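Peer 1: Can you keep this structure in mind? I'll have questions shortly.
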Amino acid sequence: MRRKISVALLVLISSVTAAPYRSEGQTASEAARKVLLRVSPQFPSLARSMNIQGVVKADVLVAPNGTPKSVEVKGGHPLFVQSAQNALREWKWEPGPRETHEVVELQFTH
């Protein structure tokens with residue numbers, strides 16, 4: 001009896017840990033839509049002159065037709081935020097059946 005419980009517990013734990021992460025309301029195939037057009041952000045001149053580099057992480061709400069509806073910055077250096085938002089508003093994703101949230105990280109290095 002004890003062995004059966006151990007095996008059942010092991011199966012349950014392995015199925016939970018092996019499940020891919022996805023946000024609520026998305027299937028695995030929708031969790032990461034393919035980017036069709038990437039626009040590189042402009043490197044701010046102030047950041048260049050101060051020799052500042054960094055990363056901006058953003059959550060982009062993508063419409064069913066693949067265009068961004070909104071861009072919400074989740075973190076990064078304030079000097080790069082506006083440039084990242086401007087670039088991400090021009091990106092295009094593959095069409096999908098409904099809106100999805102895509103997490104994007106943009107690297108600012110020179």
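Just so you know, all these numbers are worked out from the coordinates, no wet-lab data involved. Computed from a predicted structure; not experimentally measured. Backbone-built Cβ (ideal geometry, glycine too); neighbour counts: all protein chains shown.
Peer 1: Using only the Cα atoms of the range 29-108, each taken as one equal point scatterer with no solvent, compute I(q) by the Debye sum, divide by I(0), and report log10 of the ratio at q = 0.16, 0.17, 0.27 Å⁻¹.
Peer 2: -0.56, -0.62, -1.26
Peer 1: Hey, rough spin-label estimate for Lys69 and Glu99, points 7 angstrom out along Cα→Cβ, what's it come to in nanometres?
Peer 2: Calculated label separation equals 0.2 nm.
Peer 1: Under a point spin-label approximation (7 Å from Cα along Cα-to-Cβ), what is the Leu46-His77 distance to one decimal in nm?
Peer 2: Going by the 7 Å Cα→Cβ label model, 1.2 nm.
Peer 1: Moving on. What list of ³J(HN,Hα) values in whole Hz, one per residue of the range 41-56 in order, does the Karplus curve 6.51 cos²θ - 1.76 cosθ + 1.60 (θ = phi - 60°) give from phi, with Gly and Pro shown as x?
Peer 2: Values per residue, Gly and Pro as x: x, 6, 7, x, 4, 4, 5, 5, 5, 8, 6, 9, 10, x, 10, 10 Hz.
Peer 1: Then there's this: What full-extension length gain, to one decimal in nm, is calculated for Leu37 and Lys92 as 0.36 nm per residue of separation minus the Cα-Cα distance?
Peer 2: Residue separation times 0.36 nm, minus the Cα-Cα distance, leaves 19.3 nm.
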